[in-house]
Each structure stands twice: as structure tokens, then as C-alpha cells.
1. Give the nm distances, rounded to one decimal, from A:E165 to the matching residue in every other copy, measuring between label points 7 Å along Cα toward the beta carbon; shortest first.
2. Please average, across the residues of C:173-181, the number of beta carbons from any other chain that are within 10 Å of each residue's own beta carbon, and give a whole number.
3. Restricting to bridges with both residues inside the protein assembly as shown, how much of the DSSP beta-bridge set is antiparallel, in percent to the nearest 5?
4. Partner chain Cβ atoms within 10 Å, averaged over the residues of B:292-303 - can you pull that number for me?
5. Along Cα-to-Cβ, 7 Å out, sits the label point; list in nm, shortest first, how far the one on B:E282 is from those in the other copies.
6. For a quick protection proxy, order the peptides C:274-285, C:204-215 by their average other-Cβ count within 10 Å, most packed first.
7. Based on the mean of other beta carbon atoms within 10 Å per residue, what is the order of C:169-182, D:256-269, most packed first?
8. Taking the mean number of other Cβ atoms within 10 Å as a proxy for protection, how do you rank D:383-396, B:232-245, C:39-52 from highest to lowest?
Amino acid sequence: MEEAAIRTVSIIKKMFVRLGILPFLLVIALVLFALMSDNFLTGRNLMNVLRQSVYLIMVSMGQMFALLTGGFDLSVGTTLAVSSVVGALAMVAAYAAMPDSIYLAMSLGILAGIGAGTLIGVANAVGVAFFNVSPFMMSLGMASVGFGIALYLTGGVPVYGMPVEFGNVFGFGSMLGIPVPIWVVAVIAALLAVFLYKTPYGMYFYAVGSNSKAAHLSGISVRKTLFLTYVLCASLAATTGMLLTARLDTGEANIGASMPLESIAACVIAGVSLRGGIGRLENVVLGGLFIALVQNGMNLARIESYLQTVVLGVLLILAVVADQARLRLVASEKD
Amino acid sequence: MEEAAIRTVSIIKKMFVRLGILPFLLVIALVLFALMSDNFLTGRNLMNVLRQSVYLIMVSMGQMFALLTGGFDLSVGTTLAVSSVVGALAMVAAYAAMPDSIYLAMSLGILAGIGAGTLIGVANAVGVAFFNVSPFMMSLGMASVGFGIALYLTGGVPVYGMPVEFGNVFGFGSMLGIPVPIWVVAVIAALLAVFLYKTPYGMYFYAVGSNSKAAHLSGISVRKTLFLTYVLCASLAATTGMLLTARLDTGEANIGASMPLESIAACVIAGVSLRGGIGRLENVVLGGLFIALVQNGMNLARIESYLQTVVLGVLLILAVVADQARLRLVASEKD
Amino acid sequence: NAQDWFPYSVESWNPPFNMESPRKSIDYTPLERASKPWEICVSFPHMKDAYWLGVNYGVASEAERLGVKMQLVEAGGYTELNTQISQIEDCVAAGADAVVIGAISFDGLNNLVSEIRGKGIPVIDVINGMSSSELSAKSLVSFGEMGGKAGEFLAQKHPGGEKVKVAWFPGPAGAGWVEAGNTGFIEGVQGSAIEVVDTKYGDTGKEAQSALVEDALETYPDLDYIAGTAVTAEAAIPILRSRGLEGDVKVVSYYFTPGVDRGIQRGQILAAPTDSTVIQGRIAIDQAVRILENKDYHKHVGPALYVVTTDNHGDFDKTSTLAPDGFKPVFRVE
Amino acid sequence: MTSGHLIASRALTRDFPGVRALDCVDFDLKRGEVHVLFGENGAGKSTLISVLSGAITPTSGEILMEGRTINPASVHEARQYGISAVFQEFSLIPELTVQENVFLGEEMRRGMFLDKAGMKQESGKLLEQLGFNLDPERRAETLTRAEQQMVEIAKAFRSQVSVLILDEPTASLTDHEIRQLFSLIGTLKKRGVGIIYITHRMAEIYEIGDRVTVLRDGRKIETMEVSKADDETLIRLMTGREVGAVFPDIDLPPPGEEILSLDRITARSGAISGVSMNLKKGEIVGLAGLAGSGKSAAMQAAFGLLPVSSGKVTLKGEDMTGRPPVEMIRRGMIYLPADRKNEGLMMRRSAGENMRLVSLARAPRQNGWFLNAKTEKQSVAALADKLKLSPNRPARAVDHFSGGNQQKVMLARSIAQEFDLIVLNDPTVGVDVGTRASIYRFIADLAMAGTGIIIISSDLLEIIHLSSRAYVFSRGRIRAEVSGKELNEETMLTCFFEDDRECA
Ligand SMILES: Nc1ncnc2c1ncn2[C@@H]1O[C@H](COP(=O)(O)OP(=O)(O)OP(=O)(O)O)[C@@H](O)[C@H]1O
Ligand SMILES: Nc1ncnc2c1ncn2[C@@H]1O[C@H](COP(=O)(O)OP(=O)(O)OP(=O)(O)O)[C@@H](O)[C@H]1O
Ligand SMILES: [Mg+2]
Ligand SMILES: [Mg+2]
């Protein structure tokens, strides 16, 4: 009996070391919220959580690249807004011009939106890679610029008039019983994982973030890597913008304001280092999921709003404290 | 003639190298706005700008310490709000209890406010210095916790009922023709400058931020230094919170939301490195002043709100680009 | 007594959901009591100012009076549309029988509304307005009319003659209610002596509005009016006092909060229209219960707007608009 | 004329802001030769090879490869020409494993994807060939300086090269690893590879060099056949003056009372176990051993840097087990780490600030509170003079000094204030002969004045010549204590290896 217990503890410890704190936190959260609310642990609600988390997960994956290279992208929120506004405007215009070719209009709109959002990334990339501007400042500046543009384009009024099919497919559609946004994030996450872990380029992000001089001396183009980083991050945010637009059925300049900090938080509790060079994609996905799950669970458990703010803050801190403990364990395991 | 021109250029270049980009930007901004608005370059308005900039400058000085040690404080905004709310509540209570001793009630309120704000700093400090939590996460978490508390205390309703003397003295009062808030920031800045440059402890912040291992090996207590950093930063933000409360005449939970990013921006355009170890107090003061000046100037020049957002973003980026150029010059001058 | 707030004089639009429709005044009388403790979910953009605290007071006390359960969620700000949607989804998942929404976006929640309606759950639009045609009922007045009322108030004071300069502070750029208020205000002052010399958007944090007001005073030394959000009006008071401009520059708000109330009482603020926030909240809950119980209900009602000024302040019943002093937010009514 | 040369530079010039690091240098390398670059710290050696290997671009001048002008714009491009370099400044990514680091920037692929299995196999083979005992799966951040050096070397050997550049590859290696490296260099030579080799250890020049080029102040002074060179000539060419013997005569008075003793110290990490040793006033004690043998760990444990699981540390009669560095420093012990970049220096701050770092808290104050700017400046200037900092500009960021001068800046810490016990971990890594002589002189003076000194070194000669007593470490234990006549290379080397052979 006792031996079995010891073995279990040691297995748990090993899993803790290998998988990180997040799977445990997720399980704890699941159990707790299931106890607190009958409606939490239903298939419907779990699907609901998954779908809600898609947007944060997408943006966080992009943010992870910025963090890996030792930077930040504070403009992800604006990128979301710009792509939403531009995408919607373009789609509305295309749809009006050719009301019959709905799918063409949709494709044009999506392209325009993702393109516009990605342009912000290109601006960031140029600033960071070529003018050596600190990513913090560059992306903060671009966030301001982009927001101004989005407001200017719309006058603050939501853009409506997109074909309903857009919302029906990308916002509310589902395939094999699983909502389309989840498919999208799953496919993108898989592609990114292959890119990051199975091709040589993936390692370059780690190398640049960890020691850019060394990366340079090892024959890696630091500039190209940084450039790619910010373009990639923005294009992910822009794609999220379009998914969100489909969900909202309108182009909105006022979305995404909390994304920069929330996506960084999702990365950090997933163990991504703000000093660059450390972080794993699968953990970031779990990080985004965790934040969404906790928010959903607290709503279902009817925890009052002010308290939710406090609880979320405390949880973020505790997650990091626990991860510190894990790192110490990791160190002791290795020796 | 030509020689004089060359000499002027060389003097300007020297000043650029020594003083940084900010004085030049300030002068350019002054000239531009003076051309764009008749009301800008009046003594009254300049005093106005100076007074408006006090709050950002105070917070930025604290933020600088966090950045110097290689950290962040994202909770400065919340600290402002908490100190404002708690300070106002305490002052109102004290005033109601003893309507005759106005100054005692004021002092109690101020102490309570600064104390409450500083407590957030203590929490940050414990997390960062003792539990090794990344400052980003720690202060982001505390920002959420503190905001929840401030809202809980007030329900978002401003706290009314402080003695008018409080506003009259600390919000609108002046001494020798100079507003009290300016005096306060001047005295605090002077004290901080002495602390940072004239005592051995100042160097500790730079050392911890530059290379904490080296600092540790050199007999500097990294923990103590980090602890002091976050407490100092929060107490400055809390003091700002009380000054602002005096100015607004009410305790508000909804102030300071833009402070974290704005204060970091003020530091970064002042040349403070986000990697720690580099930055000068006097430049940070100018950085805060510059941001306030630009905002004021654009308002007076009647630049449209949307455009202001864009201009501010572009300016921040340009300031950093220009500073990069300066750094290159600095290197050549020093060698 | 707040318990018997009714009958209350409101306007009703018919056909509903169109602000252009002809409206008629009616006396609104709510149900005595609900037949069973329905679970009603209420979603707000945020719960961080006194305006929404008033609505909160309305929905909470009406839920209590009717004997239904209420769950309140708030998204944390006008930039959090996505959060609001998630919260409402969560609310429905948690078993709400009806949903009352103070919307962040005019159009952005339409999909959600039809999804919820598809499940047979009634959706009531409160305060802010949504464009969905599938709403069950609306309890609101348009913010455009609020801005309009404020504008008309000024226009009436200065119908002609020498130009009167007004600096206008509608609130944060891009928010739906701000843009609506802006449009209404501009229309309201049309054709009068009022000249809107500047429109300055800005966050409704008091420090942000303070700086905007100060800069406006520097830009326009001969300013006559400051008009804008309640926060602007509150922020302007100490500034004007310190500059000795009290009375020279007058202040008008385009909605009502406790601070505005104090200001009007003390003569520091000239006027503000009230939309009877508390009543809007109460009616929304009553509408929800009526729909759930298959009783007759008015599809589209809103309290009549009127302007509270220093002159009529004495007659003004605060309980229709403001939460009582010391009221703490109520997120749950059992 | 150039056709006989593998790679050559013509009038190569490189300016750094305010410094001309290379001044019209003509240099050439033949096939199958080892060409040694020799010169003082800051002479421009690293700059020359950085330009040749594409890490930086020259201000003017050209680079020829087999007579053809090439101007590599990046390390990547240079590698296309078969030029590969081990830089003085390590270029390892701490978060990546040894094997990933070895192939970084030149990964093996299968189609679009990484060939992880292939790389694992190759890196294992490569390390074995080089005789480096390293686990390819270890993360680079856990490596000691010496181990990092090994990975760097492995990196340079990973692909077929025609020009191999080694910038002080042996600076922290011990004899054992150096032998392996040299035999590998021999093999490459036979294959016709040209090798540029930078070192400050003169013995190595004669051992593997064919020709030697001496640089001074960015200018080429002379290129000569190694067979015609000797210490005296080389040093004269290098410094432009006569320098006496490198190692000073040390005549220490009999040791005084005990300053430090370790009693059966075992580190929690297991890096050392049961280490007992001591040091008396006015003694110089050497710690020798292979890389990873625990010689550094012992002193780190004593200084409070490594958690100790058992044993006792006594400093000047006081039990100081597990006390943090702050307290050790306050009681008169200072430890100067080997890894100056990661553990020693604030790279972006000025040299002056770095020199004064340890003594800040004890600096003379005005009114008991404030630093005295004037005396601070004077003492920094005095330190810079004493250590012959070059260029003598203490306000310059440490980053911008050459490696040897950075080392001096760190050394300055130990004399910025009086200490009873100074522990120096590889104090002359990358320091030129002239400076080394002055550092040794300076250590000797300190010891004669009664300071206790412990030198941890990978350079056995250093230990033999300076110390009066030495401990030899092996696998985390003290294998021998040697003094007097036994203090010679032969005896000590036998103790380096863990086998049952008899050892002192
Ligand atoms: N990045 C840099 N910025 C400014 N100056 C530099 C830089 N790198 C090198 N220098 C200067 O160039 C000169 C030559 O330096 P280099 O590193 O080539 O010397 P070195 O011969 O390799 O010395 P060492 O033996 O100490 O390694 C020195 O004066 C140094 O200060
Ligand atoms: N930070 C660390 N993490 C993990 N292992 C370490 C660390 N530092 C040292 N070690 C290991 O501890 C053992 C002793 O290291 P130590 O630094 O004392 O060796 P050393 O003899 O000084 O070697 P070197 O000459 O390489 O510095 C080695 O096996 C080394 O790999
Ligand atoms: Mg060198
Ligand atoms: Mg060592």
C-alpha cells in the first residue's frame, strides 16, 4: 500500500517536472469549478470554453514568438482592431460591388483584414530589426498609431453589412460537431509546432532571444529572424481579428484592448521567459486555455465580479510561484 | 562665418551626446506648438503643462527604479487608485469624526493613502525578491488584485467629502507663484537624485540590473535591493495618488489606468534600458515632461483626437530612433 | 419609498425597436410579484462608475421586489466586447431564464442575441441599445437624445445673438454611446448661437478629463461653456474654482451621476438631462418577468427625458436616477 | 603572388568609434600551416579574425581567398567559403543543448525538416574525436567555462573547412583537452586546412605554430617563422620594450595564522564531497584539476555561492558555513569568478564603476552618508594606472574593452579595498604575457604583504610557479596536496586522473 502511494507521488512529481504546472492547475480548476457549479462540467460548456479561448490562444501563440526573441508585441490588440475594421470595410465593399459572389467577397475581405493587420507587424518588424528600436516602444507606438487609424476609418462606429455567411461559417459554424474557430486554431497551432520544433528556423527564435550576439556569430541572421517574428505575431493577431469579426458580425475598432497584457500573461504562466529564449508552444496553448477556463468557471460559479478580478490576479501570481518551485525541482532532478 | 557654423554644429553635437535627445525634442516641440497656437507659449500655459506633467513624472521616477533593476511595475496605476480611494475614505472618516482638526484629518488621510498604496509595493517586493516571481507577472497580478479591492471599497463611485483645504493646498495651492504639486515633485526628485548618485546604494540598483550575479558576488544583497525597488516605486505612485486626489477633489478608483504603459514609455524615451542597468533620473523627468507637453500642445493646437493618437505613437517611435543615433555618437565620443 | 416607484411616466414606441416611430406617454406599472423565482442574467459593460451603479441598483432592487434571482456580470470596460459575449454565454450556460444586456456594441452582439433567442430565452436591451431585430424588448432611451437634450438646453438659453463658445467632451472615442451622444448634441445646438469650438474625446478617467478641461481653458480663454460627460463636469468644478472662473465658465453634463447631482445642488453645474437610469433597470427586469410569464408587456419603452437644472433640482426625485448613498454593488440576488 | 595563399588580407583597416583596431594589416595564411597571431590585449587580434570570418565588416581593405577578392558580409557567408571560427567571446545559446549548439546555424536537414537523430549521432562522434567528455544532451547553461570552450571548438569542427580560426581556444582548458585539440589540429594540417591560432601561452606557439604574426596597436609588426622565434624576441616585438621574466621570484615569509579552512565540505549538488583544506596568512595556494573536477565548486561553496549539505567553513576563526557573499566580503574574503562576462562584470557599465563595485559600501564617505566623487575618481584612476588599463579610459563601458582588459577590470576589485583572503578563479584567462607578468607580480606583492591567496587555475604552470602549496582535485574530491619539490608538472598531472595509479 505504502509503496504504491510513494510510487504515485513520484509519478506525479515526474509529471510535474516534465509537463509543468499548467496541466495540474487545469485539473484543479476543473474539479473546483465542477464542485461549485453543476453546469460547468457539461460537454456544451466545455466546448463553449474552448471556443472562447480560441482568440486568446491565437494571439498568445504570436506573442510567444515575440517573447522568445526577447521582445514584446504590445500592438496585438490594435492589430486585432485594425484587421477587424479593414477586413469588414473591404468585405462590405466587395459584397456591395458583387452581391452574387459571396465567397469571393468574403475571401477578399479576409485577405484585406489579415493584410492590414500584418502591415502593422511589418512596421514593428522594420523598427525592431532595422532601426533597433526597442520592441516595447515600437509596438506601443504602433498600437497608438493603429488605433488612431482604426478610429479614423470608422469614426468609432461599427462596420456592418458583411454577408451573413461569413458569421455563419467562421463565427458560428462547426465541422464534425466542433466549432470552426477551434479547427482554425488547431490547424494553426499544429503548423506552428512543426515550424518551431521540426525545422531549423524554429531554433533561430530561441537563439536570437537567448543571446543575439551568439546567434549572429553562429551565422544566423538576427535581422531576418526578428523581422519574421513581428510579422508572424501580427498575422496571427490579424487572423484572430477576422475570426472575432465573424463572431461579432461587425468590424469593431474597440476590440482587443486587453489582449496585449492578457496574451503576455498567458505566455508567462506557461513558462515563457520575458528575457527571451525560453518557452514552449503547447504550454502557451494551455496558458490561454487556463485563463479562459478560470474566467468561465468563475462566471458559472457566480463569483462576483470584483472578486473575480482579485482571484484572477492571485491565480496568475500563484501559477508563477508554483512554476518556480517546479524549476527548482527540475534543477535538482538534473543534477 | 563658416567656422562659426562648424563650431555651432560641433557644440550642438556635444550637447546632443551629453544631454540626450530629449532636450532637443522638447525645444522642437516648444517651437512647433508655439507656431501652431498663440496660447501655447504663455507663462500660464507652461506652468499648466508643468503641473499636468507632475503626476506622470512622479510615477515614472518610481518606474525607473523598477526598470533599472531589470523589472517592471505594471501595478503603478492600481497603486494610484488604491491610495486615492483609501486616502479619501480615511480622510473623510477622520474629518467627519473631528471636523475641527482639519489638518490632523488631512495628515491621517494622506498617511493612510500612501500606506495603502505602499502595501501593494510590499506585496510586489515580497513576490519578486523572495519568491522569484517575474516582476511582470507579479505586478500585473497585483494590479488586478488592487483594482478589485479599490472597486470593492467604492463600487466605482467617487469618494466625496474631503476637507476643501486638502484640494486647496495640494491640488491647487501655490508657493512663491509655483504650484504645490511642482514643489513636491521637485523636492522628491532632488532627494532621489542624491540617493541615486551620491550614496553607495544608488549604484546597487544599476548593479542588480546590469548583472545580478556579479552584484551578488560583489556583496550586494540582490534581495534587499529588489525589495527596496518595488516599495520605493509604489510609495512614489501612492504619493502621486494623493496629489491627484487633491487635484480631483474626490477619491477615485478609476484613475491611473494608462499610467503603467505611459510611465514605461516616459522612461524608455529617456533612454532607460528595459534590460536593466541603464538610465538617468534627470532624463526620466524630461521624458515625463515631454509626453505631457506634447499632449498639451496638441490639444492647444486643436489637433483632432484621432490624429493625436497617431501623432503620439509616431513621436514615441521617432524619439527612440533618434536616441539610437545618439547612442552611436556617444560611443564615438567616449572612446 | 423606492418600493413603490410606480406608476412611472414613460414613453412607448410603436412599432417598437425604431426610435423614429411615433411615441406615446403611458404610465408604467410593473407586476406585483413573479410567479416563480426566475433566474435572470444581467450583463453590463462595466461596474466601475456611478452611472452603472444606478442601473445596478435598479435591476437588483426590482429583482428583489419581484422575488426573482439575478446574476450580474460586467465586462470591465467598453473595450471588452469579446469578454461581454463570453460572459453572456457563460451566464446562459449557468442556466439563465432571461438575459438583460447593457450592450457594449450596437451591432456586435446581434449574433449572440439570435443564438440565445434560438434557445427560447428572452433578451432585453437596457440602457445602451442594440440593432438586433430579434430582441424581446427594449427598456432604454437613446443616448443620442440625451446629448440632444443637453444641446437643446443650451440652444434654448442662447437662441441667437452673439456667439457662445462651448467646448464639448463626449467621452472615449469609438464607444457607441459616445458617438451617439456626440451626434445628438451637435444636432441639438444646431441653429442657435452656440458654437462648438472644440470636440475633445478622452477616457472617462477623471484625471484624463481634468487635463482636457485645463487645456481647453488655455486654448479658449473666452470660453462660455464646458459640456460633456458627467466625469468632465465633475472634473471641471475644482479647476474652475481654482482659476476663479466659477460662474464665468458654466458646466453642463449630458447624463446624470451623484457628482453631477451635488454639482447642480451647489450651483456648480448648470444642468444635466436625466434618463432615469434606475427606472430603466427596473423596467427591464419587469419586462423579462412578464415575458417569462407570458403576460402582456410593452416591447419598447423608456422613461421620458427631462433636464435637471439648478432651478428644478428641488423637485427632482433622485431615486429614479441614482443609487442611494452608501449603496454597494449587488452582483447576486437570490 | 597571392596564389600560394589560402586566405590573405590587404591593407585591412577597421575603426571602432574612437579607436583604430586594425591599421592597414597585410596578412596571409598558407595551406596546411598553423599561423599564430600574437600581441598584447587590445592589439587587434580578435578584430582581425572577426573581419576574416565575416562577423564584422572592415572599414577599408580587402580579403582575398585563393587570389579572389571575397568580402564576407556575415558569418554565414564566410562559412560558404569554408571559413569557420571559434570566437573569443563564446557564442553558445544557454537554453539549447550541447548538440543543438554544435549545429546551430548549420543544421543537418532531411528535406525541410531537422535531422535530429543525425545531429545527435554526429555531435557524439565529434565530441569523442575531440576527446571531450561531454553529454550532448546537456543544456549549455549548465556548462563550466571550460566545457563551453569545448563546445565552441566542436562547433568549428562540425563541417568541412578550409580555414579554421581559433581565438584563444585553450584559455580555460587543461592539459588533457589541449593535447587532444592539438592532435586534431595536426590532422587538419595534413589535410591542407589553414589554421589561424591566437594564444597568449607562448609554449603553444612553439608547439604547434609554423609562422607567427605579431600585432601591436592594430598594426602588423612582423611575420616570422616560428623556428626562428624565441620568447624574448616575440615579447619585444609585442610590447616594443623589454619585459623581464613572466613569473616573478616569490619569497614569502613563513605563513602566519590560519585564515580559511574547509572541513569535509560536501556540496548539495554533489559537485564536491568531503573537501578539506586550509590557507594561512601570506600563503599562495593553488587549486588544480581537470575541468569539472570541482576546484571552482570548492571555493564557491566556501564563499556562500553553492549550498553546502555538510561540513564546516571557518574564516579567521569564525564559523561561516553557508553565509552569503555579503558577509564573507565584510569579513575580508573576496572571490573573483572565472566567467567574467556572466558572473563578473556589468558589461554595459563603465570600467570605473565595475572596479569600485565591491568597495562601494566601504568607500570613504562624506558626512557618513555620501560618496565623495573626487576621491572615487582618484581611486579609480589609481587602479586603472596600476593595472595598466588600455585604453586608459575608465569611463568607457566594459563591453568595449578587449578581453584581457576586461579581466584587469575585474581584478581591480580585489585591490580596491583591503582583503585578508583573495580567491582568484582563472585570473589570467586571455591576458597577454606582459600583463600577466604584472598580474603575477601584483599577486606576489599582495601575498608578501600578508594577504592569503588562492589561485584556481586551468594553467598548471601558473600554479607551479606562483603557489607555495597546491591541492589537486579529481571528481569532486581532493586527490592530493603537494608542496615543495613535488610541486611540478609531472607529479601533479598524474593526480589529475581518476585511476589507481600512485599519486603524490
Ligand atoms: N565593439 C567594440 N567597440 C569599441 N571598441 C572595440 C570593440 N571591440 C574591440 N574594440 C577595440 O578594438 C581594439 C582591438 O580589440 P581586439 O578585441 O581585437 O583585441 P585583441 O587583440 O583580441 O585583445 P585580447 O588579447 O585582449 O583579446 C581594442 O582597443 C578594443 O578596445
Ligand atoms: N551551474 C551548474 N549547473 C550544473 N552543474 C554545474 C554547474 N556548475 C558546475 N557544475 C558541475 O559541477 C562540477 C564541478 O564544477 P567546477 O566548476 O567546480 O569545475 P572546475 O574544476 O572548476 O572546472 P572548470 O575548470 O571547468 O571551471 C562539474 O561537473 C560541473 O559540470
Ligand atoms: Mg581578443
Ligand atoms: Mg572552474
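1. Copy-to-copy label distances for A:E165: 7.4 nm.
2. Working: counts 13, 14, 3, 5, 0, 1, 5, 1, 0.
What the average comes to for C:173-181 is 5.
3. Values: 68 of 138 bridges.
Of those bridges, close to 50 percent are antiparallel.
4. That average works out to 3.
5. Taking the point 7 Å beyond Cα along Cα→Cβ, the inter-copy spacings are 5.5 nm.
6. Most protected by this proxy first, the peptides run C:274-285, C:204-215.
7. Highest mean packing first, the order is C:169-182, D:256-269.
8. B:232-245, C:39-52, D:383-396
Taken together, the values in this text are just the output of simple stated rules run on the coordinates, not laboratory data. No experiment lies behind these values; they were computed from the predicted model shown. All Cβ positions, glycine included, derive from the backbone under ideal geometry; neighbour counts span all protein chains shown.
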